[in-house]
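This report concerns only the one structure given below.
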Amino acid sequence: MSRPTHPDRTYVLLHGAWHGAWCWQKLTPLLEARGAQVHTPTQTGLGERAHLLSPSVGLETFVDDLMQVLVDEDLWDVILVGHSFGGNAITVVADRCPERLRHLVYLDAVIPRSGQSAMSQLSPELQQARRQAALESSCGLTMPVPEARAFGVSDPDDARWLSAHLTPHPIKTYEDALTLNHPPGHGVATTYIAVTPDYGPTQKSRDYAKAQADWNYLELAAGHDAMVTSPEALAEILWAIE
């Protein structure tokens, strides 16, 4: 198969748990102003696709969502950015179709390992708390929305905006284990952007990223939702990635 070429830099930005395409509203114009093509898909059951939530929505659903964007939009040479829980789907895409990717970026994101679920990367106490909250709020279908401060967002206006848009997250996507045929990254150039102060649920992933000799590891003082709190600084980092 011949590989199409596109003159403009192409970013696909994938949100994390409870979020949607809306969370990139501050960042997207900054990249587009430099000539980039930016895609911000929303995962099934979240954001403007919350009405599609069902008990069958799992991690493979999220992977399919992302794969379809790359295929349907005929995207190649992609800088694929996954925030937080979005690290799961971008890892699988790199595992299955690395030829479409130019660079993989984990934005304070989860890095899954084959055979493990996202839930298994959390502390036992947090696992129990999230499962109990899901049972009490939705009979085990979704995890309820945390407060904005949980994402490192302290500005009152940003916090109100975040709280107005966050939606409950399907817990099955946390419980499903992934099967990977290659180590995370699969040879694609990879950068991990760790935000400070540290976000507890991604600690194991940050440690993993630091240990990868061929990955870039960067830190950004921004809080977990860096695209909300520090879009200009994040845009600079993403634009510098080759």
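Some notes on this structure:
- Applied to the range 166-176, the Karplus parametrisation 6.51 cos²θ - 1.76 cosθ + 1.60 on θ = phi - 60° returns per-residue 3J(HN,Hα) values of 4, 10, x, 10, x, 5, 4, 5, 7, 7, 5 Hz, with x for Gly and Pro.
- Antiparallel bridge percentage (DSSP; both residues within the range 83-198; nearest 5): 40 percent
- Amide hydrogen neighbours beyond the local backbone of His169, cut-off 5 Å, H modeled: Met143
- The range 10-240 - Kirkwood radius from inverse mean 1/r over Cα pairs (Å): 17.5 Å
- Beta bridges from DSSP with both residues in the chain: antiparallel share about 10 percent, rounded to the nearest 5.
- Computed magnitude of the charge dipole of the range 1-147 (debye, nearest 20; Cβ of K, R +1, Cβ of D, E -1): 240 debye
- Dipole size of the range 10-240 about its Cα centre, with +1 on Lys/Arg Cβ and -1 on Asp/Glu Cβ: approximately 360 debye, rounded to the nearest 20.
- Annotation: amide H of Thr10 within the under-5 Å range of Gln37, Ile79, sequence separation 5 or more or interchain, hydrogens built in the peptide plane.
- Axial C-alpha extent at least 15 Å, average Kyte-Doolittle at least 0.0 - helices from the chain (DSSP): 59-72
- Taking amide hydrogens as placed 1.01 Å from N in the peptide plane, the amide H of Ala17 sits under 5 Å from those of Phe85, Gly86, each at least 5 positions away in sequence or on another chain.
Every number here is computed from the coordinates shown, using simple stated rules; none is lab data. None of the values given here were measured: they were computed from a predicted structure. Backbone-built Cβ (ideal geometry, glycine too); neighbour counts: all protein chains shown.
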